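The next block holds one structure in the form of structure tokens; read it before the comments.
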Amino acid sequence: MNRLDAVARITVHHDGMPPVRLTNRRDVADRIDLIRKSHQARGWGDIGYHFVVDPSGQIWQGRSLAYQGAHVKNQNYRNLGIVALGNFEVQSPTSAQVAALERFLFTSMRRFRVPLMRVRTHRELAPTLCPGRNMQFAMNGLRTKGRSLSRA
Ligand SMILES: [Zn+2]
């Protein structure tokens, strides 16, 4: 895996797998492990995303921040990858998940000095449904809120 140079952008994803109910930490850990194994089966060194947001709003570490992610084809350079667990074409993110994602994004923007215009969803960068229409809707709202916060 390549070293991660200073983060300059952030991209949000969903896992896009058949939706399942993740009711406890064991289920979440298994789901993350499934994603990691499917990425490693493609020949990648580790799960492609740096962080994972589960439906209860917990943030999990994915790939170490020491390494560049593997989550947007040909656009991984200095790109922090965050995945929300679920398939948001067919289900909605929980309010806890959206709230946690929002907090985490705003914290990461400050930490890495990433402007709001460089916080994108996968489908804004490449032809894909990811992160699903319902998360896209949440992200649009979140960025509107971010813009008014930055003007305050
Ligand atoms: Zn994606």
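The values are calculated or read from the model by the stated rules, or taken from the named source; none is laboratory data. Keep in mind that what you see is a predicted model, and the values were worked out from it rather than measured. Here the Cβ positions follow ideal geometry from the backbone for every residue, glycine too, while neighbour counts run over all protein chains shown. Protein only, heavy atoms only, side chains kept; ligands, DNA and RNA dropped before computing areas. Shrake-Rupley method; radii C 1.70, N 1.55, O 1.52, S 1.80 Å.
Carbon and sulfur: what percent of region 1-150's accessible surface (1.4 Å probe)?
On the way: 3960 of 7820 Å².
Within region 1-150, the accessible surface is 51 percent carbon and sulfur.
Take the Cα of LYS145, step 7 Å along the line toward its Cβ, and report every residue of region 99-133 whose backbone nitrogen sits under 11 Å from that point.
Within reach of a label on LYS145: 99-106.
Rounded to the nearest whole Å³, what is the per residue volume of the convex hull around the Cα atoms of region 44-114? Walk me through the intermediate numbers first.
Values: hull volume 6.9 nm³, N = 71.
Considering the Cα atoms of region 44-114, their hull volume per residue is 97 Å³.
Using +1 on the beta carbon of Lys and Arg, -1 on that of Asp and Glu, and nothing else charged, what's the dipole of the chain about the Cα centre, debye to 20? Before the final figure, lay out each step's value.
On the way: 24 positive and 10 negative charges, 114 e Å.
It comes to approximately 540 debye.
Per-residue HN-Hα couplings for region 65-78, Karplus 6.51 cos²θ - 1.76 cosθ + 1.60 at θ = phi - 60°, whole Hz, x for Gly and Pro?
5, 5, 10, 4, x, 9, 8, 10, 3, 6, 9, 8, 4, 6
If you bin the C-alpha pair distances of region 73-146 every 5 Å from 0, what whole percents do you get?
3, 14, 28, 27, 19, 7, 1
At 7 Å along Cα-to-Cβ for each site, give me the label-to-label distance between ALA6 and ASP30 in nm.
Distance between the two pseudo-spin positions: 4.4 nm.
Taking amide H atoms as placed 1.01 Å from N in the peptide plane, list the residues 5 or more away in sequence, or in a different chain, whose amide H sits under 5 Å from that of GLN68.
Placed amide hydrogens put ASN2, ARG3, LEU4 under 5 Å from GLN68.
What are the residues whose amide H is under 5 Å from the amide H of ASP15, where those residues sit 5 or more places off or on another chain and H is modelled from the backbone?
ALA84, GLY86
Just for the Cα atoms in the chain, what are the lengths along the principal axes, largest first, rounded to whole Å?
44, 34, 28
Short version: ³J(HN,Hα) in whole Hz for each residue of region 113-119, in order, from phi by Karplus 6.51 cos²θ - 1.76 cosθ + 1.60 (θ = phi - 60°), x for Gly and Pro, what are they?
6, 9, x, 3, 5, 9, 9
Per residue, how large is the accessible surface of the chain? Use a 1.4 angstrom probe and give square angstrom. Display every interim value, and only then the final one.
Details: 8120 Å² over 152 residues.
Averaged over the residues of the chain, the accessible area is 53 Å².
Pop out the ³J(HN,Hα) list for region 88-100 in order, Karplus 6.51 cos²θ - 1.76 cosθ + 1.60 with θ = phi - 60°, rounded to Hz; leave Gly and Pro as x.
8, 6, 10, 9, 9, x, 6, 5, 5, 5, 5, 5, 5
Give me, ordered by chain and number, the residues 5 or more places off ARG9 or on other chains with an amide H under 5 Å from its own placed amide H.
Distant-sequence amide H within range of ARG9: LEU80.
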